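This is the structure I have questions about; it appears just below.
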Amino acid sequence: MAYIVRRNQVNNGSALNEIDRMWDSMLKGRASYPAVDIIEEDDRYLIEADLPGVTQEEIEAKVEDRVLILQSVEKKEQAPEEAPAYLVRERSRSAFRRSFVVPKDADVDGIEASFKDGVLTLAIKKLPEAKPRSIEIKRG
């Protein structure tokens, strides 16, 4: 029977294979965090988080004391008798939690969230009074 294996499971004694095995052992059991991009525009901030394999129902976004928290619920493991016989298992089943301090010029009550194609997008509007403005100087 032939098995599908990762490249670094083929042990040919190379330094690259040793580094791959060391890296894998360091990361085992650690929580995975979604990669995020944070973009500042004139009138808002955007946070885009990659969440492949996560459904909209498994995501929670909330603000507590000017801290934006993104988290997921932990996926339930299948019962041992129902679990597939994995040959290789690299995808994490653990929950994640990321937090970001929200700037003072952000409208925390007006945050909008959307989820499409595995990407969570949060739009955080800037408060109007926080935007820079020109002050007209009148003649005395």
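For S114, work out the one condition from (1) closer than 16 Å to E58 by Cα; (2) in a loop (DSSP other than H, G, I, E, B); (3) not aliphatic (A, V, I, L, M) it doesn't fulfil.
S114 satisfies all of (1) closer than 16 Å to E58 by Cα; (2) in a loop (DSSP other than H, G, I, E, B); (3) not aliphatic (A, V, I, L, M) except (2).
Working only within segment 88-140, note down all residues that are of a type in the set (G, A, S), open to solvent by less than 100 Å² (accessible area, probe 1.4 Å) and free of Cβ contacts under 8 Å to residues at least 60 places away in the same chain.
Passing the criteria: S99, G110, A113, S114, A130.
Against the condition on the phi < 0 side of the Ramachandran plot, at pLDDT 90 or above and outside any loop (DSSP other than H, G, I, E, B), how does I19 come out, does it pass?
Judged against the criteria, I19 is not a match.
Any chance you could count how many residues in segment 95-135 are more than 18 Å from V36 (Cα to Cα), under 22 Å from the mean Cα position of the chain (by Cα) and polar (S, T, N, Q)?
Residues meeting the conditions: 0.
If you scan segment 51-75, which residues turn out to be exposed (fewer than 13 other Cβ atoms within 10 Å of the Cβ) and under 10 Å from the mean Cα position of the chain (by Cα)?
The one that is exposed (fewer than 13 other Cβ atoms within 10 Å of the Cβ) and under 10 Å from the mean Cα position of the chain (by Cα): P52.
The values are calculated or read from the model by the stated rules, or taken from the named source; none is laboratory data. This structure is a prediction, so every number in the text was calculated from the model and none was measured. Quick reminder, even Gly has a Cβ in these numbers, built from the backbone with ideal geometry, and neighbours come from all protein chains shown. When the accessible area is computed, the model is the full protein with side chains, heavy atoms only, and any ligands, DNA or RNA have been set aside. Shrake-Rupley method; radii C 1.70, N 1.55, O 1.52, S 1.80 Å.
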